[in-house]
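Here the structure is laid out as structure tokens; the discussion comes afterwards.
The values are calculated or read from the model by the stated rules, or taken from the named source; none is laboratory data. These numbers were taken from a predicted model, which means no experiment stands behind them. Backbone-built Cβ (ideal geometry, glycine too); neighbour counts: all protein chains shown.
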Amino acid sequence: MVLSRFPTKNKVSQLSNQVSRSQASNLVIYLVCPACLTRSGSHDKLVVLVRSSLTTPSPMLTFLQFYHVEASGSFSTGSCRNLLSLVDTSSSSRSISWLKWIPANVLSFIWKLDLDRIAVTTNLIHRGIPNLPASCALCSAEPEDTNHLFIRCDFAKEVWVRVSWWVSYDFTGVSSIKELTNPPHNQRLSHIHAKTIILIVYSTLWILWTNRNKWIFQRRRVSINGIIEDIKSNSYLWATHRGSKIQGDWDIWCIDPMRGLQVCD
Ligand SMILES: [Zn+2]
């Protein structure tokens, strides 16, 4: 069932506090409040979310539409993200950081990486794409899944060691992608330092991915030193060009990124 127009208030009250499933078309209907993300209690505004259930048992949001129950109701992209994380049972209770310093295409990549939806070989084989190499293109030691490519691969390990030295923050003990994409709140870090850590982690993941693609599709191999330089320059440019009231010092950044960015008044 696809709702072709805004549900009436009467219809909302009928659907409230429940999740209904359309047997006919395999679409799952959710009704939630965009503010508190629950269906319980009474709300002035509710949004209806429709997604396909055809991809179960590993659900993926292949079809999605939002309907404003109240025509005057505001609905932010942040609400959409929260809704997505709410209904996607494969995602963790925490979500990725949507840091504005990071370009949208990179955030989109991090989001898909967090959901294990990027086009690594094991995922492509799972989608039925034939004639793919069995092992990682960078080390040939193991099948290329996300954990291998970004954590277990010797190439990635060396990059994380170098990044850890540079930042003076240990990333080498990480065992899962979500530990990188969903960085824990560290009480000892100031706000800008916590953002800097996220910036560098996401930049590192992005550079590892683009470097992998350069090798596979262009046969261009970048040295570890070249990758570290790319991580430093990308993350610095993102923060200083996209960050609000952020002032950077490139020379300090290259030595100690925790002192390389300042918030200016
Ligand atoms: Zn590898």
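Quick look at the values:
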| item | result |
| --- | --- |
| Residue in the range 203-217 that is of a type in the set (Gly, Ala, Ser) and under 20 Å from residue 98 (Cβ atoms) present | yes |
| Test: residue in the range 221-237 that is assigned by TED's automatic domain parsing to the domain that holds residue 172, within 17 Å of residue 108 (Cα to Cα) and modelled with pLDDT of 95 or more | yes |
| Top-ranked residue of the range 98-117 - restricted to ones that are part of a loop (DSSP other than H, G, I, E, B) and aromatic (Phe, Trp, Tyr), ranked as farthest from residue 196 (Cα to Cα) | 98 |
| Test: residue in the range 166-184 that is within 16 Å of the ligand (Cβ to nearest atom), of a type outside the set (Asp, Glu) and free of Cβ contacts under 8 Å to residues at least 12 places away in the same chain | no |
| Pairs with Cβ under 8 Å, 6+ apart, first in the range 129-143 and farther than 14 Å from residue 212 by Cβ and assigned by TED's automatic domain parsing to the domain that holds residue 217, second among the acidic types (Asp, Glu) and within 11 Å of the ligand (Cβ to nearest atom) | 141/154 |
| Residues located in the range 118-144, provided they are charged (D, E, K, R) and within 12 Å of the ligand (Cβ to nearest atom) | 142, 144 |
| Residue within the range 200-209 that is more than 14 Å from the ligand (Cβ to nearest atom), in contact (Cβ under 8 Å) with a residue 24 or more places away in the chain and in contact with a Lys or Arg (Cβ under 6 Å, 6 or more places away or on another chain) present | no |
| Leading residue by the ranking (farthest from the ligand (Cβ to nearest atom)) among those in the range 145-165 that are closer than 13 Å to residue 212 by Cβ and of a type in the set (Phe, Trp, Tyr) | 150 |
| Condition met for residue 244 (farther than 19 Å from residue 169 by Cα, modelled with pLDDT under 95 and over 26 Å from the mean Cα position of the chain (by Cα)) | no |
